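Working notes, beginning with the structure itself.
The values are calculated or read from the model by the stated rules, or taken from the named source; none is laboratory data. All figures in this text were calculated on a predicted structure; none of them were measured in a lab. Glycine gets a Cβ as well: all are built from the backbone with ideal geometry, and neighbour counts include every protein chain shown.
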Amino acid sequence: MDRFRVVGGARLVGDVSVVGAKNSVLKLMAAALLTSGTTVLTNVPRIIDVSIMAEVLRRLDCAVDIDDAAGTVRIDVPAMPRHETDYDMVRRMRASIAVLGPLVARCGQARVALPGGDNIGSRGLDMHIAGLARMGATIDSEHGYLVARADRLRGATVWLDFPSVGATENLLMAAVLADGSSVIDNAAREPEIVDLCQFLGQMGAKIDGAGSSTLEIQGVSELTPTRHTTVPDRIVAGTFAIAAVLTRGDIVVRGARAEHLELPLDKLAQTGAEIELVPDGFRVRMTRRPRSVDVVTLPYPGFPTDLQPQVIALAAISDGAAMVTENVFEGRFRFINELIRLGADIRTDGHHAVIRGRTGLSGAPVQATDVRAGAGLVLAGLVADGATEVHDVFHIDRGYEDLVGQLCSLGADVRREPGPILPPG
């Protein structure tokens, strides 16, 4: 397994471009199952998770062509796809559960292996199951698979206990082909949900309330394939914004939408950073040691949990003490022990972390435990004394397109190296 070698001390300066969102494109790919024919997605990132989802779809008898140079994915869906996903693919990526709703809506049945992915919390499927059951599906668990059956889903009103992105997406995709009208209350409001609603609308779905906590869906008998441009990745954009503040740099993030990062950018302004909107993105400039700020993660439009590790890395070298409260994923603090190896002063109590900023960190070998934790450790390495080796970077590759190349273009000293070859046994 490869590792990143990060040598600290560089001030990051320059332009960087953001492409389509990981958290959107994977669900758009799954939604292509709702109709036969050819769907084309553009502004697609070159990340491992796209390749995994492509293979999931291929094993459902779809033909998937990825053009990395053009940033496009072409999906040809047969008149009747297979309805069973393979465990060996699904265990690698939690987003693969997004095929559950489209398959049961389109095929009348779905047999989906229970998913794997980042180890950041329980993230149960109870809301997915309960919502589909209200739409008339019968759900069973058999030998590590969720099995859903319904001759025809029917419209229903579903109240989500928590504005879960995954549950909102699955139920939304199921409802667009259900018989009658559906309402999803306490729905997630993330920009990626809005992107999915726009995509489904282009296919012929009837959806009202995109971007609000209440989605109203009038089921239709069929959809048609379409061409769609994926919304920019706000988490990648936010990662580079934090990197600018962390390194006292000056970065223009192009292709990003500042309105999707209002709270994170406001928090960075509170640290002392200068935030400037530009026609195709935003600029973040920092000239001194940042001030500590408290952060509470919440569903959108709150502070994103996917930027929590990066902001903890920032707090580790900020002036003063900060409290970071994690309200979305209970396991997201697991990476903190790795950050402590770099010299960070962090204490945790339940879902709270208190970080006392230090003037510097010290390079050491660390291990990425999930995609965002890996990004946070790379950012910490940018300001650590000496070299930091970040291991298990396949996690980072799942969500960041050529992170090493982009950081190097900004002046960072980062390179990708082959990891050690372990003896058998």
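All but one of (1) touching a residue at least 24 places away in the same chain (Cβ under 8 Å); (2) closer than 25 Å to V393 by Cβ hold for A69; state the number of the condition that does not hold.
(1)
Can you give me the number of residues within the range 45-70 that are in contact with a Leu (Cβ under 9 Å, 6 or more places away or on another chain) and crowded, with 17+ Cβ neighbours inside 10 Å?
8
Looking only at residues in the range 285-314 that are among the aliphatic types (A, V, I, L, M) and within 22 Å of the chain's Cα centre (by Cα), which one is surrounded by the most Cβ atoms within 10 Å (Cβ to Cβ)?
A313
Could you check how many residues of the range 28-44 are outside any helix (DSSP H, G or I) and either over 18 Å from D233 (Cα atoms) or in contact with a Phe, Trp or Tyr (Cβ under 7 Å, 6 or more places away or on another chain) (or both)?
Of the residues in the range 28-44, 6 are outside any helix (DSSP H, G or I) and either over 18 Å from D233 (Cα atoms) or in contact with a Phe, Trp or Tyr (Cβ under 7 Å, 6 or more places away or on another chain) (or both).
Find the residue count for the range 141-156, including only residues that are out of contact with any Ser or Thr (no Cβ under 8 Å at 6 or more places or on another chain) and either among the hydroxyl-bearing types (S, T, Y) or surrounded by 11 or more Cβ atoms within 10 Å (Cβ to Cβ) (or both).
Selection size over the range 141-156: 6.
So M93 ticks every box in (1) of a type in the set (A, V, I, L, M, F, W, C); (2) touching a helix residue (DSSP H, G or I) at 6+ places or on another chain (Cβ under 9 Å); (3) surrounded by fewer than 24 Cβ atoms within 10 Å (Cβ to Cβ); (4) without any contact (Cβ under 8 Å) to a residue 60 or more places away in the chain but one. Which box is left unticked?
(4)
Just checking, does the range 378-393 include any residue being closer than 22 Å to F329 by Cα, in contact (Cβ under 8 Å) with a residue 24 or more places away in the chain, assigned to a helix (DSSP H, G or I) and of a type outside the set (A, V, I, L, M)?
no
Looking at the structure I just gave you, is G272 in a loop (DSSP other than H, G, I, E, B), outside the structural domain of R154 (by TED's automatic domain parsing) and of a type in the set (G, A, S)?
yes
Working carefully through the options R154, R234, R227, R189, find the one that is more than 23 Å from the chain's Cα centre (by Cα) and of a type in the set (K, R).
Just a single option satisfies the conditions, and that option is R154.
Quick one: how many residues across the range 87-113 are over 24 Å from the mean Cα position of the chain (by Cα) and of a type in the set (K, R)?
So the count comes out to 2.
Assess whether S182 counts as being without any contact (Cβ under 8 Å) to a residue 40 or more places away in the chain and crowded, with 22+ Cβ neighbours inside 10 Å.
Against the criterion (without any contact (Cβ under 8 Å) to a residue 40 or more places away in the chain and crowded, with 22+ Cβ neighbours inside 10 Å), S182 does not qualify.
Here is a list of conditions, (1) in contact with an Asp or Glu (Cβ under 9 Å, 6 or more places away or on another chain); (2) part of a strand (DSSP E or B), and L196 meets all of them except one; can you say which number that is?
Of (1) in contact with an Asp or Glu (Cβ under 9 Å, 6 or more places away or on another chain); (2) part of a strand (DSSP E or B), only one is false for L196: (2).
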